Amino acid sequence: KQRLAILLSGRGSNMVALVHAVQKGKLRELAEVALVFSNIPEAPGLATAAALGCQTASLPSKGRKRAEYDAEVVKLLNSYRVDYVVLAGFMRILSPTLIRAYAGRILNIHPADTHQHQGLHAYEWAFDNHLPETKITVHLVDEGLDTGPILAQRPVDLRGATTLAEVERRGLAVEHELYADTLACLLAGQLHPTPNP
Ligand code: GAR
């Protein structure tokens with residue numbers, strides 16, 4: 001089984017979906033959750049993870065230099081013998097220190113097509129632009145912002161969604177399924193991502 005570290009900064013709904021998939025779903029034979037980590041000690045997702053029986057840890061990132069902070073994170077991940085780093089609403093850009101330590105083994109979920117939108121507020125972007133559809137993207141993390149090789153995308157029908165909350169509700173339902181599905185395919189050896197040139 002591959003050992004996952006799930007990194008979050010907030011609510012942790014994607015973390016919950018992944019933990020459920022590990023505990024009783026499609027990741028059961030493939031993965032175990034070694035650690036749920038946050039850069040925000042008071043992130044609600046950490047308490048949720050502990051209640052689900054996960055090992056948790058946090059290192060506050062506020063005011064820290066990125067490379068130094070990430071070197072500590074790498075040490076921590078190594079000490080948990082982590083195979084894959086799964087970003088689930090981890091709202092901090094990773095430095096090359098961390099990306100190189102886990103090259104090709106860091107995944108992110110982005111609530112838009114990463115070819116069309118990068119960075120924060122992707123649901124606001126889709127809502128404000130009245131998009132009839134948005135695409136959830138799971139990708140490998142490289143040294144750019146949301147530029148890594150795409151592992152999977154799945155559309156979200158936004159027609160008739162009249163509030164931002166409705167856009168998010170529909171999108172998150174797709175995120176939760178797509179992340180576990182994609183990780184399962186990757187760990188089962190069914191995906192062969194090629195690094196960007
Ligand atoms: C999710 O919508 C995730 O795709 C997004 O943050 C939310 C976290 O929610 N990530 C990004 O925007 C990354 N740029 P969660 O804490 O409930 O999983």
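The values are calculated or read from the model by the stated rules, or taken from the named source; none is laboratory data. All values derive from a computational prediction rather than experimental measurement. Reconstructed Cβ throughout: ideal geometry from the backbone, glycine too, with neighbour counts over all protein chains shown. Side chains included, ligands, DNA and RNA excluded: accessible areas come from the protein's heavy atoms. Shrake-Rupley method; radii C 1.70, N 1.55, O 1.52, S 1.80 Å.
Things to note:
- In region 96-126, of all residues being away from the ligand (no atom under 16 Å from the Cβ) and touching a helix residue (DSSP H, G or I) at 6+ places or on another chain (Cβ under 6 Å), the one that is farthest from residue 6 (Cα to Cα) corresponds to 97.
- Among all residues of region 25-38, there is none that is more than 17 Å from residue 185 (Cα to Cα), away from the ligand (no atom under 11 Å from the Cβ) and in contact with a Pro (Cβ under 7 Å, 6 or more places away or on another chain).
- Among residues of region 79-98 that are β-branched (Val, Ile, Thr), those with a beta-carbon under 6 Å from a residue that is in a loop (DSSP other than H, G, I, E, B) and surrounded by fewer than 22 Cβ atoms within 10 Å (Cβ to Cβ) at least six positions away or on a different chain give the pairs 85/102.
- Criterion violated by residue 146 - all others in (1) on the phi > 0 side of the Ramachandran plot; (2) modelled with pLDDT of 95 or more satisfied: (2)
- Region 171-194 residues that are under 17 Å from residue 113 (Cβ atoms), paired with ones that are charged (D, E, K, R) (beta carbon under 6 Å, 6 or more apart): 174/154; 178/154
- For region 104-118, a residue qualifies if it is over 15 Å from the mean Cα position of the chain (by Cα) and either under 24 Å from residue 192 (Cβ atoms) or surrounded by fewer than 16 Cβ atoms within 10 Å (Cβ to Cβ) (or both), and the qualifying residues are 115, 116.
- Which listed residue, of 121, 139, is closer than 26 Å to residue 46 by Cα, of a type outside the set (Lys, Arg) and open to solvent by 40 Å² or more (accessible area, probe 1.4 Å): 121
- Residues of region 149-197 satisfying the condition of being small (Gly, Ala, Ser), part of a loop (DSSP other than H, G, I, E, B) and under 24 Å from residue 129 (Cβ atoms): 160, 161
- When 27, 8 are checked against the criterion of being farther than 14 Å from residue 85 by Cα and in contact with a helix residue (DSSP H, G or I) (Cβ under 7 Å, 6 or more places away or on another chain), 27 stands alone in meeting it.
- Condition met for residue 3 (open to solvent by 20 Å² or more (accessible area, probe 1.4 Å) and on the phi > 0 side of the Ramachandran plot): no
- Of all residues making up region 147-197, the number that are open to solvent by 60 Å² or more (accessible area, probe 1.4 Å), more than 16 Å from the ligand (Cβ to nearest atom) and in contact with a Lys or Arg (Cβ under 8 Å, 6 or more places away or on another chain): 1
- Any chance residue 120 is touching a residue at least 12 places away in the same chain (Cβ under 8 Å) and either hydroxyl-bearing (Ser, Thr, Tyr) or in a loop (DSSP other than H, G, I, E, B) (or both): yes
- Where residue 42 falls short, out of the listed (1) without any contact (Cβ under 8 Å) to a residue 24 or more places away in the chain; (2) touching a Gly at 6+ places or on another chain (Cβ under 9 Å); (3) of a type outside the set (Ser, Thr, Tyr): (2)
- Residues (open to solvent by 60 Å² or more (accessible area, probe 1.4 Å), in a loop (DSSP other than H, G, I, E, B) and touching a residue at least 24 places away in the same chain (Cβ under 8 Å)) located in region 126-136: 132
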